[in-house]
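The values are calculated or read from the model by the stated rules, or taken from the named source; none is laboratory data. Nothing here was measured: the structure is a model prediction, and the numbers come from that model. Neighbour counts run over all protein chains shown; Cβ positions are idealised from the backbone, glycine included. Side chains included, ligands, DNA and RNA excluded: accessible areas come from the protein's heavy atoms. Shrake-Rupley method; radii C 1.70, N 1.55, O 1.52, S 1.80 Å.
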Amino acid sequence: MRIARFAAAGQDPAYGIIELAVDGGEHPDTIAAITGDPLAGVPVNYTGARFDLAEVRLLAPVIPRSKIIGVGRNYADHAAELGNEVPESPLLFLKPNTSVIGPNEPIVRPEGCEDLHHEGELAVVIGRFCKQVPLERVPEVIFGYTIANDVTARDWQVEQWTRAKGADTFCPLGPWINTHLTLAEAGHLGIETRVGDELRQQGNTSQLVRGIAELVVHISATMTLLPGDVILTGTPAGVGPMADGDVVTVEIDGLGSLSNPVVKA
């Protein structure tokens, strides 16, 4: 199932279920509106309204109620390209929910940032309150998966990771949450990042130093995870600069693609 947040003309943002042409269903390339928030832990129902995807604006599929947890240097080739070793334990950082934007919304390069980088990543969306999750129960706490761009002010990162990672618009998410992937399937997805037509990053989630389940276990050992929290699992090699006017696209097998233009503040 693909769950998205969207805005139709003259209506408030809502959640919906997406049906694509490749699914072979009766309503190709449409979104069916549902009641409420599927991450709120209450039953949702179809409203009966259905829209063509071309006629709505897709929004960030989740606005974390609590936090976005990033994982640094979780691909060995990315750590190497930065001249670093893979850390002995997962290198964690936080991004505020004010950094989240959706598909096609602009990434704003803030004043004073001279080296703005893209980092295409698989994002894990948590579906329930959990703490100290045992390895065998990790699938129970994952709601689904989406695409992220962990935008980074590389020149600021030398001294201040929070500032470098947490500026407004620095966490594009989308285009939807895929809820039907198994943990094993999510661990073998191709990922690519392009700036314009130039291929910058190409990897596979099977190359993660620490896999999805291990990350959930490690993170939940020290902090409670809430429904809607997002874990950014790390980025493969090929990170690089984005200039004003660029359009950056992250594509992950089975999850679609996430594109955002870059603009100056």
How long, wide and thick is segment 132-185, going by the Cα atoms along their three principal axes, in whole angstroms, largest first? 39, 28, 17
Any idea of PHE129's accessible area? Nearest 10 Å², probe 1.4 Å. 140 Å²
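Viscosity 0.692 mPa s, temperature 37 °C: what is the translational diffusion coefficient of segment 219-265 from Stokes-Einstein with a Kirkwood Rh over Cα pairs, rounded to a whole number of µm²/s?
236 µm²/s
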What is the extension gain from THR182 to GLN11, computed as 0.36 nm multiplied by their sequence separation minus the C-alpha to C-alpha distance, in nm to one decimal? 58.2 nm
In cubic angstrom per residue, the convex hull of segment 49-95 built on its Cα atoms measures 149 Å³
So what's the gap between the Cα centers of segment 206-241 and segment 157-199, to the nearest angstrom? 11 Å
How big is segment 2-58 by Rg and Dmax over its Cα atoms, in Å? 11.0, 30
Summing -39500 (n - 2.57) over every DSSP H run of at least 4 residues in the chain and dividing by its residue count gives a helix-only mean residue ellipticity at 222 nm, to the nearest 500 deg cm²/dmol, of -2500 deg cm²/dmol
Can you sort HIS180, HIS118, HIS27 by 1.4 Å-probe accessible area, starting with the largest? HIS180, HIS27, HIS118
I'd like to know how segment 188-263 sits against the 2.2 N^0.38 Å rule of thumb: what's its Cα Rg over that expected value? 1.29
What nm distance separates the two modelled labels at VAL247 and LYS131, each placed 7 Å from Cα along Cα→Cβ? 4.6 nm
Could you tell me what % of all Cα pairs in segment 18-132 have separations over 24 Å? 50 percent
Rounded to the nearest 0.05, what FRET efficiency is calculated for LEU92 and ASP115 with R0 set to 35 Å and r the Cβ-Cβ distance? 0.95
Could you calculate the contour length gain from ASP29 to GLU140, that is, 0.36 nm times the residue separation minus the distance between their Cα atoms, to one decimal place in nm? 37.0 nm
Let me cross-check THR222: its accessible surface, 1.4 Å probe, with only protein heavy atoms counted, in Å² to the nearest 10? 110 Å²
Just the accessible area per residue of the chain, please: how many Å² with a 1.4 Å probe? 43 Å²
Of all the accessible heavy-atom surface of segment 44-198, with the other protein chains kept in place and a 1.4 Å probe, what percent is carbon and sulfur? 49 percent
Calculated SAXS-style log₁₀ I(q)/I(0) at q = 0.13, 0.14 Å⁻¹ - the chain, Debye, Cα scatterers: -0.81, -0.94
